[in-house]
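These notes concern the structure reproduced below.
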Amino acid sequence: MRKILIIEDRRENIVFIANNILKPLGYEVITAMDGPTGLAKAQEEAPDLIITDLKLPGLGGLEVLEQLRQKGSHIPTIVMTFHGTEETAVRALRLGARDYLIKPFTIEEMQAALERAFKPVAPPAPPVLRKLTTGPLSRDNSEELARIPQLERELAEMRVALTSRDKQISQMQQLLANRTPTPAAPDGSPAKPPTRDIATEMKITQLEQELIQMRTVLAAREKQLIHLQKQLANSVKKLEMAEVAQRAATWEEDNARLNQVLAQTKQMLGESERRTQSLEEMVRVQKVQMSKYQEEAKRLADQLRNLSEAVRLLSQDLGQQVERIGVVAPADKKR
């Protein structure tokens, strides 16, 4: 549930706004009847919206708004007053107020102000835009496009001023319409029409002329804003396309480098495979030679074993011959 703080020094106004507008719409209502209390509650309760009167005991509504902004709080605010001027309206908007209502206002006017206050507001564009540097887009358009936030603010201020002037004209016209005619003459002649208030009519005419001029300026500014917004959208689109092209070029460069590294890796892998095959061939040759050496060693061992056997037999035969010689010798001596 959204929470709304009402800062108003007249209790009947608080009751009217809370019971007839806010609570039926499902808002939770917090109240304060002077500026310092409202400022404290705004900081403690952190409401979703503030509805404040312009003239308050202790601290005015604009001062409350200014102190909140200085403390870094940007709570949406609706300012209301009986005696509004263009200067106070412009100051309120510059302090971040979302709307400015002249009392007395209707339930529908407050409901419309609530809708506008809760409508998301895009953050202001940076004062300097990035410079486009790709192809024919290479130009610095920051000076033109940086005017958009200020132009939007000026349009909002002019709309408030137009609303204030419209209400002044309506009030003056109502006053003229409600003027009562002079009483009928005693002789029964018809009543004289009301005396024309030349000053009021001149004031109305002047206000109407100013209103026409302001509407003309407003239409021109809105047309200029639409043109700049289109220009900004085109520039952003071109910038995005330039960034995409730059990223694509970067990806192509990275891909080329990766392909080069891959080719080098494949080449090194081929050399490693050739070296491995060469080593395997050397091992195979050495195994063959080792097998030959083993066969030769076996053959030599067999020969050595045969030779040893021959030597043993020869020694045995020699011993037998020696024994025979020893037996024959004594017999010869006896003879």
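Remarks
- Summing charges over neighbours of VAL244, with a neighbour being any other residue whose Cβ is under 13 Å away from its Cβ, gives 0 when K and R count +1 and D and E count -1.
- Phi to ³J(HN,Hα) by Karplus 6.51 cos²θ - 1.76 cosθ + 1.60 over region 97-102, Hz, x for Gly, Pro: 5, 7, 7, 9, 10, 9
- A P(r) calculated from all alpha carbon pairs of region 1-121, with 5 Å bins opening at zero, reads 2, 12, 25, 28, 22, 9, 1 percent.
- For ARG2, residues with placed amide H under 5 Å, excluding near neighbours: GLU28
- If the chain linking ASP317 and LYS119 were pulled fully straight, counting 0.36 nm for each residue of separation and taking away their Cα-Cα distance, it would gain 58.3 nm.
- Residues whose placed amide H lies under 5 Å from that of THR77, excluding near-sequence neighbours: ILE50, ARG98, ASP99
- Working from Cα pairs under 8 Å separated by at least six residues, relative contact order for region 1-121 is 23 percent.
- Applying a threshold of 21 Å to the alpha-carbon distances of LYS41/LYS71; LYS55/LYS119; LYS41/LYS103; LYS23/LYS119; LYS23/LYS71; LYS119/LYS237 flags LYS55/LYS119; LYS41/LYS103; LYS23/LYS71; LYS119/LYS237 as lying beyond it.
Computed from the coordinates by the stated procedures, all read-outs in this text should not be read as laboratory data. These numbers come from a predicted model, not from an experiment. Every residue, glycine as well, gets a Cβ built from its backbone with ideal geometry; the counts of neighbours run over all protein chains shown.
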